[in-house]
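Take a look at the structure below.
The values are calculated or read from the model by the stated rules, or taken from the named source; none is laboratory data. Everything quoted here is computed from the prediction, not taken from an experiment. Because the Cβ atoms are built from the backbone with ideal geometry, glycine has one as well, and the counts that use them run over all protein chains shown. The protein model used for the area step is the full one, side chains on, heavy atoms only, and it has no ligands, DNA or RNA in it. Shrake-Rupley method; radii C 1.70, N 1.55, O 1.52, S 1.80 Å.
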Amino acid sequence: MDSMNVKRKKGTGAVPAVIAAIISLLLSAALYYFTLPALNIHSVGMWIYILIVLAIFLVTESIAFASDGARRAHEFLMTGFDAFEGASGTISKGGKNVLKALGAAMLAVILILIFGGIFSSAFFNASSYSELISVGDGDFENDISEAQSLSSLAVVDMQTAESVGDRTLASTGNASWYEVDDEYNLIEYGGTYYRISSVAYSGFFKWCSASSEGIPGYVLVNASTQEATLVTTENPIIYSPDAYLGDDLTRHLRFLYPTYILGDSYFEIDEDGNPYWITSVKTAGVGLFGAMSEVSFLITDACTGETLEYSPESLPEWVDHAYSLEYLTSAAFWHYEYIDGWFNHAFSQTGVYRTSYYYEDEYSYEYSGYNTAITADGEIVFYVGLSPANGAESNIGFLLMSPSTGEITYYACAGAEESSAQSAAEGVVQNLGYEASFPTVVNIGGEPTYFMVLKDNAGLIRRYALSNIVDYTKVVVSETFDEARSLYLEAIGAEKSDTDNTPGYTVTTGKITAIYTVEMSGDTVFIYELDGVDGLFLANINLAVRQMTLSVGDTVTVTYIESDEDGVYTVSAIEW
């Protein structure tokens, strides 16, 4: 073999390296498409992605250079040293330099992750973590209006909404393609409070079948009556976190905003019932990776994909849920946990308090509970209790956190923690085996009061419970909220046992002109029409079982309060 041929073969050594680079680029592009890291130095995901990409290049180039070295060694054996100048059975010098550079780059990324994490931690930045948000002091009686009826309360919690809302899918065609998401956030729509949830695809293969038609709509559960409705949208919903490929909401937003660190997405509707996704945009509040904070929001039309960015101050009024509960509770945790520095947090824990959303075990922080409440001006807020870090079974107060504004307000109110109130309420009806929901705080008679619903095994609401926060032994349970409220006012010594003097209540006497019976939430309810009084009077059978003996022409005296619907009245007492 002459020297011309030898030189030509030596030139082919770059081919395996080029092929390896192309394979690495293809693998890296596929990895990016499916993992969708933000191209942002504050994103841990980006640095991990770079590390994996470097590892891919290292492996493929190592194989390429090694195969090229083996080819060179083979030619050396066949032609002799003089004919194949510089041949080697190992990786060439140029290949070694490339591999060293890749290894050095990987080491640099690992060091960035390690030291970036260390110097962004609360150990070095305790005061920055504690001061990330400010907590204002609230005025309970002014901020939380007196709870007069169920319409002013978020009675239906997420678990109950899930139980009744999931059944609505049976009314749509191809119901097996879909499932209802279990988020069920509380929103205000048309002057009424609802739990709302998006409809999702049941899986990848169901999406393959249904993607051409899209998602038909969303589920609304009335937060007072438990009535669930599947709302069909005028145009199908295309973009969803549960969709795939180009229809996936996160992928759609990633290609629109490649540098944004995306947070949680929440499903909401505007005043006209049009569906949108609200997605938070995050950045590091401390150092390179620490205290990730939500700084702006993307609102995406779920049908068209059109997306606009909003600052917290410019969000539309219909947005009830922008800030995530995870961010708000984390910010509150940092505020109270590191208020006097890291060493105080780790050792003496003087003045350290914890929210009921987390409790600390030996290794981690775990979910405990929260609920939603409605303020005097109708704003939806998260309620979490605040207790000493020493684990005492009592709260020093509670926090109300606004998911629409991000504001956190503290209310001083020493008393029993939530689990004690739950146990007390369940103990009243222990023979029925009902389970109490995590409490929220309401204003009854001017006093902070735990409000809970008691649910059966099917997740349906069967009883209403009120427990005094300061003295949780003052607890009442009833099948109607009106009766529970009246009994509770008596229990706390308020002068409200005479319902004639209770604001919002009315007493009237009249002859029954019509009487009907219906089943509502598993109970028998009598509906009366009275002579000379316009409207319908709803009375639960548990108010008086002897209502079964009443008939048209009988005269009754009813104490009632107006319900959500005009001309419909909820009876709290009936006599004849």
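Per-structure values
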| read-out | value |
| --- | --- |
| Boolean, Glu294 is surrounded by fewer than 19 Cβ atoms within 10 Å (Cβ to Cβ), among the charged types (D, E, K, R) and closer than 30 Å to Pro275 by Cβ | no |
| Leu230 vs. criteria within 22 Å of Asp182 (Cα to Cα), of a type in the set (A, V, I, L, M, F, W, C) and outside any loop (DSSP other than H, G, I, E, B) | yes |
| Residue, nearest to Val164 (Cα to Cα), within segment 430-479, restricted to residues that are part of a loop (DSSP other than H, G, I, E, B) and touching a Leu at 6+ places or on another chain (Cβ under 7 Å) | Tyr434 |
| Selection status of Ala458, surrounded by fewer than 21 Cβ atoms within 10 Å (Cβ to Cβ), small (Gly, Ala, Ser), touching a Ser or Thr at 6+ places or on another chain (Cβ under 7 Å) and over 30 Å from Trp318 (Cβ atoms) | yes |
| Residue count for segment 9-40, restricted to those that are modelled with pLDDT of 80 or more, farther than 30 Å from Tyr260 by Cα and out of contact with any helix residue (DSSP H, G or I) (no Cβ under 8 Å at 6 or more places or on another chain) | 1 |
| Residue that is modelled with the highest pLDDT, among those in segment 489-521 that are within 37 Å of the chain's Cα centre (by Cα) and over 30 Å from Ile469 (Cα atoms) | Val518 |
| Val219 being touching a Gly at 6+ places or on another chain (Cβ under 8 Å), β-branched (Val, Ile, Thr), surrounded by 22 or more Cβ atoms within 10 Å (Cβ to Cβ) and modelled with pLDDT of 90 or more | yes |
| Which listed residue is closer than 19 Å to Ser130 by Cβ and open to solvent by less than 30 Å² (accessible area, probe 1.4 Å), from Ala332, Ala346, Ala243, Ala322 | Ala332 |
| Single condition Thr279 does not satisfy, out of (1) open to solvent by less than 10 Å² (accessible area, probe 1.4 Å); (2) under 26 Å from Asn174 (Cβ atoms) | (2) |
| Cross-chain or 6+ apart pairs with Cβ under 8 Å, segment 196-212 first and over 14 Å from Pro236 (Cα atoms) and open to solvent by 10 Å² or more (accessible area, probe 1.4 Å), then of a type outside the set (Gly, Ala, Ser) and at pLDDT 90 or above | Phe204/Tyr244 |
| Odd one out for Ala175, checked against (1) at pLDDT below 85; (2) open to solvent by 40 Å² or more (accessible area, probe 1.4 Å) | (2) |
| Hits in segment 134-154 - residues which are among the polar types (S, T, N, Q), closer than 21 Å to Leu386 by Cα and at pLDDT below 85 | Asn142 |
| Checklist (1) open to solvent by 40 Å² or more (accessible area, probe 1.4 Å); (2) under 28 Å from Met46 (Cβ atoms); (3) without any contact (Cβ under 8 Å) to a residue 60 or more places away in the chain; (4) not hydrophobic (A, V, I, L, M, F, W, C) applied to Thr307, failing item | (1) |
| Among the residues listed as Glu188, Glu271, Glu234, the single one being open to solvent by 50 Å² or more (accessible area, probe 1.4 Å) and over 24 Å from Ser311 (Cβ atoms) | Glu234 |
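Residues checked against (1) farther than 21 Å from Met401 by Cα; (2) touching a residue at least 24 places away in the same chain (Cβ under 8 Å); (3) aliphatic (A, V, I, L, M):
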residue	(1), (2), (3)
Ser265	no, yes, no
Ala322	no, yes, yes
Ala332	no, yes, yes
Thr350	yes, no, no
